[in-house]
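Worksheet for the structure shown next.
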């Protein structure tokens, strides 16, 4: 147990160091590339000065850390394990462990325990942390990058139940306001409701509900009915929260939690991209373990010669894994492959190869 704690502590130290170095690199590169936009925000938004923009940018990047974690965690796990294995080898600590009766495979158990914790952490962050931070992060990003004080979502479609849907030109989710809207309200008769503005109010002539500006009801072709004006709807085919999720699903699906994406997939089963991403949300955390199976056989070795070559080979295999994973996931989303096959095939194939390589380690 003491050896396991020592190896786990070494891995945890390198994981923390690699994670914050990579996050810091992303932040610096993004901040440099967005410097002009940040400066523009201080000029165009009344009451904001350079110090206010700098503080807002710090808060924005602090809220972005969980999003970075979900993108880079498997890479960090591999880097930390390879660095820890190199440290043990360089310090001559592997030889006493093996001489004491441990195989190299047994020495690597703390690495896999750490990788499993990271994979579980990715699932928890996606399901619990992302929905809480996403709106705040999007709001700050809207101010910094587009010089707007509220979120604006443009040009997307939100599906409702029974074939109903909304085509939205612009959505203001912070105040439940939609502009340039067309609603297919009765799919059987092709009845359309259109309006320049639809806004939810708690008080009005008709009570709480959605009030329309320049609202019209157009009956289906050939029905003989006339176009009528309309100024109130008690409800929309899609709830306001679901409308915003539809926009995120169309433009930024990786910012959604598993349960949110699952709701979109249930509502729109024909969109294979949602089905594929649902499986990908499960397989990507498993990459923490798959990458260790692929990389450790070339990094965790008793020979001190050829360590650099082993790390290069490990990184090459892992890059190949992600290239295949990206290609097959894209094919699954396009319908060329099934969502299940496109998402799970890379993990199964490369995981099997990794098990063979790991089991064949010379000890």
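Readers should treat all values here as calculations from the given coordinates under stated rules, not as data from a laboratory. Computed from a prediction, not measured in an experiment: that's the story for all the values here. A quick note on method: Cβ atoms are made from the backbone with ideal geometry, for glycine too, and the neighbour counts reach across all protein chains shown.
Annotations for the structure displayed:
- Label separation (residue 341 vs residue 150): 4.8 nm, computed from points 7 Å beyond Cα along the C-beta direction.
- Whole-number percent relative contact order across the chain, with pairs defined as alpha carbons under 8 Å at least 6 apart: 16 percent
- Convex hull volume of region 291-361 per residue (C-alpha atoms, cubic angstrom): 59 Å³
- Using 0.36 nm per residue and subtracting the Cα-Cα separation, the extra length available between residue 20 and residue 123 on full extension is 35.1 nm.
- Acute angle (nearest 10 degrees) that the helix 130-146 long axis makes with the longest principal axis of the chain, alpha-carbon atoms: 70 degrees
- Using alpha-carbon coordinates, inclination of helix 35-44 to the longest axis of the chain, degrees: 30 degrees
- Solvent-free Debye calculation, one equal scatterer per alpha-carbon of the chain: log10 I(q)/I(0) at 0.11, 0.14 Å⁻¹ equals -0.89, -1.18.
- Take each peptide in 78-91, 205-218, count the other Cβ atoms within 10 Å of every residue, and average; sorted highest first, the result is 78-91, 205-218.
- Using R0 = 25 Å, the C-beta based FRET efficiency linking residue 228 and residue 167 works out to 0.80.
- Taking the convex hull of Cα positions in region 211-300, its mean projected area over all directions (nm²): 9.3 nm²
- For region 158-210, the calculated P(r) over all alpha carbon pairs, in 5 Å bins from 0 to the bin holding the longest distance, is 5, 19, 23, 24, 20, 8, 1 percent.
- Ratio of Rg to Rh for region 197-355: 1.27 [Cα atoms; Kirkwood radius as inverse mean 1/r over pairs].
- Axis angle, to the nearest 10 degrees, between helix 258-267 and the longest C-alpha principal axis of the chain: 40 degrees.
- Protection proxy ranking of 26-32, 164-170, 70-76, 335-341 - average other beta-carbon atoms within 10 Å, highest first: 70-76, 164-170, 335-341, 26-32
- Computed over region 1-132, the ratio Rg/Rh where both radii use C-alpha atoms and Rh is Kirkwood: 1.17
- Between residue 36 and residue 196, the C-beta separation translates, for a Förster distance of 35 Å, into a calculated FRET efficiency of about 0.55.
- For the pair residue 52 and residue 313, label points projected 7 Å from Cα toward Cβ lie 5.9 nm apart.
- Computed over region 132-183, the P(r) tail beyond 12 angstrom holds 67 percent of alpha carbon pairs.
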